[in-house]
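In what follows, a single structure is set out as structure tokens and then discussed.
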Amino acid sequence: MVLLRAIALFAIALPLAGCPIADDHAVTEITAICTHELELPFIAQGERTVGSLDIEGREYETDPDAYASLDEFTLEPITGTSDLSFIETLTLELVSDGLPTVVIAELEAPGPAVPVIGVGDPEVNLVDYLTREMSELQVTVTGQPPGGGGFLLRFQACLDTRGLRLEDRDDV
């Protein structure tokens with residue numbers, strides 16, 4: 001398992017209009033959270049192959065109607081396979097202590113296209129997972145990979161968000 005700080009996730013943000021900004025802090029509204037070129041190793045586990053990333057949460061200020069959902073993701077081979085045509089199904093799930101495991105995206109037989117591009121389920125709100133101390137993204141594929149072993153994929157994803165803010169302070 002690769003330990004990555006999820007806020008090695010890149011946040012695309014806009015300053016809040018009308019917010020007084022002191023010299024020592026600013027409040028930023030988060031409009032999207034994106035990963036860029038994370039390496040995701042997959043290990044064969046019987047009939048399936050699993051890759052996972054640890055995601056470190058942030059202390060977001062949240063509106064009562066705050067919302068975050070997976071917009072889209074891409075996967076492309078780095079080593080161990082030249083394409084992903086062997087994949088029969090692909091599932092992205094978030095796992096966090098005290099919360100139910102949630103499926104955020106599913107694909108059936110994505111075919112030989114590289115990269116594989118998928119979209120998330122817009123009905124699944126991920127705010128509680130983003131504000132947890134730690135969550136885990138699990139990507140599970142079924143299908144026999146070339147050589148029957150593991151492989152390494154490049155993973156990128158973007159979440160659409162609303163009602164999330166971060167306070168940036170110089171003294172922190």
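Quick notes
- Lone qualifier among 76, 106, 93 - being within 21 Å of residue 38 (Cα to Cα), in contact with a Pro (Cβ under 8 Å, 6 or more places away or on another chain) and among the charged types (D, E, K, R): 76
- Criterion violated by residue 78 - all others in (1) within 24 Å of residue 29 (Cβ to Cβ); (2) touching an Asp or Glu at 6+ places or on another chain (Cβ under 7 Å) satisfied: (1)
- Some residue of the stretch 124-138 being in contact with a strand residue (DSSP E or B) (Cβ under 6 Å, 6 or more places away or on another chain), among the basic types (Lys, Arg) and not in a strand (DSSP E or B): yes
- Test: residue in the stretch 114-133 that is farther than 30 Å from residue 60 by Cβ and among the aliphatic types (A, V, I, L, M): yes
- If you go through the stretch 72-98 and keep only what is among the acidic types (Asp, Glu), in a strand (DSSP E or B) and either in contact with a Cys (Cβ under 8 Å, 6 or more places away or on another chain) or farther than 27 Å from residue 148 by Cα (or both), you end up with just 72.
- Filtered residues of the stretch 1-52 (kept if modelled with pLDDT of 50 or more, under 16 Å from the mean Cα position of the chain (by Cα) and assigned to a loop (DSSP other than H, G, I, E, B)): 35, 36, 37
- Residue 131 under 16 Å from residue 54 (Cα atoms) and at pLDDT below 90: yes
- Residue within the stretch 99-111 that is hydrophobic (A, V, I, L, M, F, W, C), surrounded by fewer than 17 Cβ atoms within 10 Å (Cβ to Cβ), free of Cβ contacts under 8 Å to residues at least 40 places away in the same chain and assigned to a loop (DSSP other than H, G, I, E, B) present: yes
- Selection over the stretch 116-172 of residues that are β-branched (Val, Ile, Thr), more than 20 Å from residue 85 (Cα to Cα) and surrounded by 15 or more Cβ atoms within 10 Å (Cβ to Cβ) gives a count of 4.
- In the condition set (1) under 30 Å from residue 28 (Cα atoms); (2) over 17 Å from the mean Cα position of the chain (by Cα), residue 144 is compliant with all but (1).
The values are calculated or read from the model by the stated rules, or taken from the named source; none is laboratory data. Everything quoted here is computed from the prediction, not taken from an experiment. Cβ atoms come from the backbone with ideal geometry, glycine included; neighbour counts cover every protein chain shown.
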